[in-house]
Structure formats: structure tokens, C-alpha cells
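*Asks:* Let me give you the structure first, and then I'll get to my questions.
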Amino acid sequence: MKIIEVIADVSYQDIITTIADQHDVRDCWMGPKGEDGRRMIRLILGDKKRQEVLDALQGALGNSAKAKIVVMAAEAVLPRVEINGDKPSVQTAAGTTTREELYNNIEKGARLNSTYVILVVLSTIVVAIGLLADNVAVVIGAMVIAPLLGPNIALALATAMGDTELIWKSLKTGAVGLFVALGLSILIGKLWHLNFDSQELLARTDVGLDSMALALASGAAAVLSLSTGLPSVLVGVMVAVALLPPTATMGLMLGAGKMESAMGAALLLAVNVVCVNLSAKVTFLARGIKPRTGLEKQKARQSMTTYIVFWVVSLLILGVAIYLRHHTLP
């Protein structure tokens with residue numbers, strides 16, 4: 001259940017209540033008229049109709065500069081909804097997150113600020129220690145921080161929405177995160193003696209087709225968890241397809257002068273990035289995540305097609321590189 005609060009001029013009152021009636025909104029109530037001529041109207045509704053109601057409200061209030069729409073969570077609603085006077089209905093766990101809520105949640109991961117850079121630095125230090133000490137628990141701890149996953153998911157959403165500004169923001173944030181993690185890892189690799197018996201370290205220097213399948217599945221799971229309102233699933237995704245360990249491994253190996261191992265880690269990192277973006281984009285498309293207006297939808301279709309083709313071609317090239325690496329190296 002969610003509460004949609006609409007603050008608009010009183011002239012829109014009838015339009016808003018009509019929208020509520022048309023979509024069988026569970027409850028609708030109005031506050032007093034304010035001194036500025038606006039009135040607050042609240043609608044309470046479940047997941048099923050929320051996107052339709054939000055689209056209808058945005059279409060009706062699009063010409064009003066003073067109108068505001070706020071979506072708020074309702075932790076519990078009593079009495080519970082009943083179906084045909086029978087037992088209370090049970091909301092399934094797989095709810096649906098609206099386009100606007102999804103954007104708000106994912107866009108945060110694409111913000112380039114001091115907190116993001118600090119998280120990248122700290123998680124790089126943690127994962128480097130875990131890799132060098134061959135400590136799987138420490139490596140997993142760094143994976144859960146997962147600052148590099150956010151910009152990649154945001155990039156997938158941006159192309160699905162045709163949002164050019166978010167595309168460039170995601171690319172910039174992701175690039176800065178990778179360069180900071182790589183640079184710090186190279187420095188650590190030069191200053192510390194590497195433990196080449198570490199299985200955690202060596203595991204990130206090899207990549208196979210199973211790595212592709214894992215990254216594709218994890219990218220799709222990430223989008224499904226966000227679009228269905230189950231963010232707890234993201235923890236498993238962060239561990240399964242973490243981008244930081246191969247980045248740190250590449251930097252450590254470069255710092256130690258082990259170019260062959262560094263190339264293996266770079267290939268694993270590239271596979272993870274490409275697969276996460278490709279599967280996330282396809283999942284957004286399958287879930288019907290798209291802009292509201294016709295012009296925005298056209299832009300989104302163009303960007304989605306371009307980016308899917310780009311990532312598919314990249315994946316094919318990486319597949320050939322993996323095959324050649326396994327069949328040409330001794």
C-alpha cells in the first residue's frame with residue numbers, strides 16, 4: 001500500500017477525484033483549501049494501480065507549475081482489504097515499484113560525491129586485504145559494500161528511460177569509481193608483497209563462460225529485486241557479480257608486474273560489466289519500464305536499441321577473447 005498525496009489548485013479537485021474513481025482507488029480524502037489556493041488530496045492504493053494512477057495524475061496536472069505529487073509508504077492499513085466480504089487479502093511479496101520510485105532509488109547510486117569516493121577507497125582497501133590474506137569472509141564484506149554496482153544499474157535504467165543526463169552521470173560516476181579503485185590497488189600492489197598462493201586472488205585472474213552466465217543472471221536479478229520492491233535480494237547479487245574484486249586484482253597484479261594475471265582479471269571485470277548492463281537492460285525492457293510520454297518513449301526506444309546492440313557485440317567479442325585465452329595459452 002502507498003499514499004499518493006496531490007497538492008494542486010482547487011480547480012483540479014474534480015479531475016483528481018475522477019481519476020481516483022476511474023481506477024477504483026481504495027480511499028480518497030481532501031484537506032482544507034490553503035491560502036495559496038491549493039488543496040491537498042490523498043489517495044491510498046495498492047501496487048497494482050499505482051503506476052496507472054501516477055501517469056493519469058501527471059497527465060492531468062502537467063500544465064500546473066504549482067502542482068506537486070508525493071508518494072509515501074503506508075506501513076499498515078486497517079481494516080485490511082477484503083475480497084467479496086471474505087478473508088482479508090494477502091499482498092504478495094513480488095509487488096511492483098513504479099517508474100518514479102524506481103528512478104528515485106536507482107539514481108542515488110549514480111551520484112558522484114565524497115561519500116561514493118570514500119566508499120570506493122574503503123572497499124578497495126578491504127577487498128585488497130581479503131585477497132592478499134586469502135580471507136573469503138573479508139572479500140565478501142567488501143563485495144556487500146558494492147559501490148561500483150550502482151552506476152551500472154543506473155546506466156541500464158537511463159537507457160531504458162532515454163534519460164541522457166542520467167546516462168552521462170552514470171558513466172562519469174562508474175569511470176571515477178573504477179579509476180580510483182584501480183589506482184589504489186596498483187599502489188598497494190607496489191608497496192605490499194603479494195601472496196600468489198591466495199586462492200581468492202588467483203580465482204579473479206581467470207574467466208570462463210560460466211562467469212558470463214553468472215553475471216547475466218545476477219544483472220537480471222538485481223533489476224527484478226529493485227522493480228518488485230525486494231531490495232534485500234541485492235545483497236546476493238552484490239556478492240555474486242561484484243565488480244570490485246576483479247578491479248582490485250587487476251591493480252594488484254599490475255603493481256606487482258604480473259601482466260598476464262592482470263589481463264585475466266581485466267577480462268573478468270569486462271565480462272561482469274558487459275553482462276550486468278546487458279541483462280539489466282533486457283530485464284527493464286521485459287518489465288515494461290519506459291517513459292510516460294510518446295516523445296520520451298521514442299527517444300528511449302532509440303537509446304535502448306543502440307545500447308543493447310553495443311553490449312551484445314561487446315559480449316561476443318569477450319566470448320571470442322575468452323575462447324582464445326583458454327585455447328592458446330599454455
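*Asks:* Compute, for the range 108-328, the length of the dipole vector about the Cα centre, with Cβ point charges of +1 (Lys, Arg) and -1 (Asp, Glu) only. Units Debye, rounded to 20.
*Replies:* I would put it at about 880 debye.
*Asks:* Something else now. Lys190: which lysines have alpha carbons under 22 Å from its alpha carbon, excluding same-chain residues fewer than 8 sequence positions away?
*Replies:* Lys258
*Asks:* How are the alpha carbon pair distances in the chain distributed across 20 Å bins from zero to the largest one, expressed in percent?
*Replies:* The calculated distribution, bin by bin, is 28, 47, 21, 4.
*Asks:* Here's a follow-up. Among the listed pairs Lys48/Lys290; Lys49/Lys297; Lys68/Lys297; Lys2/Lys108; Lys2/Lys281, which have their C-alpha atoms separated by more than 25 angstrom in this model?
*Replies:* Listed pairs above 25 Å: Lys2/Lys281.
*Asks:* From the residues His193, Thr124, His23, which one has its Cα farthest along the dipole of the chain in the positive direction, the dipole being from +1 and -1 charges on Cβ of Lys/Arg and Asp/Glu about the Cα centre?
*Replies:* Of the listed residues, the answer is His23.
*Asks:* Can you pull the percent of Cα pairs in the range 2-74 with separation above 15 Å?
*Replies:* Working: 1221 of 2628 pairs.
In whole percent, the long-distance tail amounts to 46.
*Asks:* Any idea how far apart Glu75 and His326 come out in nm if each label point goes 7 Å out from Cα toward Cβ?
*Replies:* 5.1 nm
*Asks:* Going Cα to Cα from Lys172, which aspartates and glutamates come in below 15 Å? Please leave out same-chain ones fewer than 8 positions away.
*Replies:* Glu107, Asp163
*Asks:* Remind me, relative contact order of the chain in percent, using alpha carbon pairs under 8 angstrom and six or more residues apart?
*Replies:* Here the relative contact order equals 18 percent.
*Asks:* Also, quick follow-up: Might you report the magnitude of the Cβ-based charge dipole of the range 2-74 about its Cα centre, with Lys and Arg at +1 and Asp and Glu at -1, to the nearest 20 debye?
*Replies:* Numbers: 11 positive and 11 negative charges, 37 e Å.
Using Cβ point charges on Lys, Arg, Asp and Glu, the range 2-74 gives about 180 debye.
*Asks:* Using the 10 angstrom Cβ neighbour count as an exposure proxy, how do Met250, Met1, Met143 rank, fewest first?
*Replies:* Least crowded to most crowded, the residues run Met1, Met143, Met250.
*Asks:* On to the next question. Among residues other than Ser185 whose Cβ falls under 15 Å from its Cβ, what is the net charge (Lys/Arg +1, Asp/Glu -1)?
*Replies:* Working: positive: Lys190, Arg204, Lys258; negative: Glu200.
Result for the local shell: +2.
*Asks:* Counting other C-beta atoms within 10 Å, which of Arg292, Arg99 has the fewest, and how do the rest follow?
*Replies:* Lowest count first: Arg292, Arg99.
Only the coordinates and a few stated rules stand behind these numbers; no lab work does. Because the structure is a prediction, the values reported are computed rather than measured. Every residue, glycine as well, gets a Cβ built from its backbone with ideal geometry; the counts of neighbours run over all protein chains shown.
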